[in-house]
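S.K.: Structure incoming, see below.
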Amino acid sequence: MAMKESRVTEGVQQRWARSMMIVTGLVVMVAGMRALDALLVPFLLAIFCAVVCAPVMFWFMRQRIPKTVAVLLVVLGLVLLLVVFSALVGSSADDFYRTVPTYQARLQQEAAGLVAWLQAQGLDISEKTLSEYVDPGAAMRLASRMLSGLGGVLTNSFLIIITMVFILLEASTFRTKLQLAFGDVEETLQRFQRFTEGVKRYMFIKALVSLGTGLTVALWLMLLGVDFPLLWGVLAFLLNFVPNIGSIIAAVPAVLVAYLQLGTGEALLAALGYLVVNLVAGNVVEPRFMGRGLGLSTLVVFISLVFWGWVFGPVGMVLSVPLTMTVKLALEGNDGARWLAILLGPEPPDTDEAEPQA
């Protein structure tokens, strides 16, 4: 009996040791990724573009177009989009950078007026105290950093496109190569295929929904007469990839500009437009086409947003969900780390909260 208990204890200790080694390896890996972010970010963006463009390439191939020609057509379309994007947004971004100090000064004046009104109501508060807790210029600085980060990404566009071309050329033969390299790994291949199909579906649909969100926001702000509508549409497109808080972050600077430029009524209308667009996209369109969800808990989605943003910056925030899904797949394939994959997943459907005892 004692020997059996000893073997059980030894088995538990071995499992915990393997789990701790995996956790230690993940910590070392994260430190390495953070140190090499300048090299990894273009590669991650190339994978992102390849996953989004892969359905289009496979559609061309189903039309009996050779693979090389299909890849060429996809790349030409992407380059054309980048050229049009740069032409439309470049001048607006430059104008916005020049006017950011003006907007920040106006926000400081509005904050001073708010302090004076509060003091007139009998509240003992100073402008310095208010600025310590509420910084009205933070949203403008955030928008400026996001757009400058986008400009930095575009400077690596040649490297990203070349890497994407090679990924697309290898995509159709990847499964065959795995079978030749590792033999009969059908179960692993099926699980990997389900994962890649889920990520591809998520990112392709998310890209289309984000594009629709950005176009709708830009048209609405243009109708209201808000400055830089194309810029706010691009920001809404990019931040729609950021789960939970991306749409809120995208709305704040545009609404503030509407308030400073046109007044309270137009600012409320701008905020209402953002609210309607994101409610329709997040609660009607995405659930309709994405199906059963991401396989991640809501808390993990938010934590992954913060974590990958810390590791890779704005690009990490945009790719936080696919990166976390990749980590979850890797953990599921290891017996010692499967418990981490379960913790990352959603609440099991067959577990209900226990009813309180009478």
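S.K.: Please determine whether any residue of the stretch 118-135 is in contact with a helix residue (DSSP H, G or I) (Cβ under 8 Å, 6 or more places away or on another chain), in a loop (DSSP other than H, G, I, E, B) and modelled with pLDDT under 60.
M.R.: Yes, there is a match, as at least one residue in the stretch 118-135 is in contact with a helix residue (DSSP H, G or I) (Cβ under 8 Å, 6 or more places away or on another chain), in a loop (DSSP other than H, G, I, E, B) and modelled with pLDDT under 60.
S.K.: Would you check if Gly345 is of a type in the set (Gly, Ala, Ser), over 13 Å from the mean Cα position of the chain (by Cα) and modelled with pLDDT of 65 or more?
M.R.: It is true that Gly345 is of a type in the set (Gly, Ala, Ser), over 13 Å from the mean Cα position of the chain (by Cα) and modelled with pLDDT of 65 or more.
S.K.: Restricting the stretch 63-89 to residues that are under 18 Å from Trp232 (Cβ atoms) and open to solvent by 30 Å² or more (accessible area, probe 1.4 Å), which is nearest to the chain's Cα centre (by Cα)?
M.R.: If we take residues in the stretch 63-89 being under 18 Å from Trp232 (Cβ atoms) and open to solvent by 30 Å² or more (accessible area, probe 1.4 Å), then Phe85 is nearest to the chain's Cα centre (by Cα).
S.K.: When the residues of the stretch 49-62 are filtered to those that are over 16 Å from Ile205 (Cβ atoms) and without any contact (Cβ under 8 Å) to a residue 60 or more places away in the chain, which remaining residue is most open to solvent (accessible area, probe 1.4 Å)?
M.R.: Result: Arg62.
S.K.: List the residue pairs whose Cβ atoms are under 6 Å apart, where the first residue sits in the stretch 263-286 and is assigned to a helix (DSSP H, G or I), the second is open to solvent by 60 Å² or more (accessible area, probe 1.4 Å) and among the hydrophobic types (A, V, I, L, M, F, W, C), and the two are 6 or more positions apart or on different chains.
M.R.: Gly273/Trp220
The values are calculated or read from the model by the stated rules, or taken from the named source; none is laboratory data. What you see is a predicted model, and the numbers here were worked out from it, not measured in a lab. Virtual Cβ from ideal backbone geometry, glycine too; neighbours counted across all protein chains shown. Areas reflect the complete protein model, heavy atoms only, side chains present, ligands, DNA and RNA absent. Shrake-Rupley method; radii C 1.70, N 1.55, O 1.52, S 1.80 Å.
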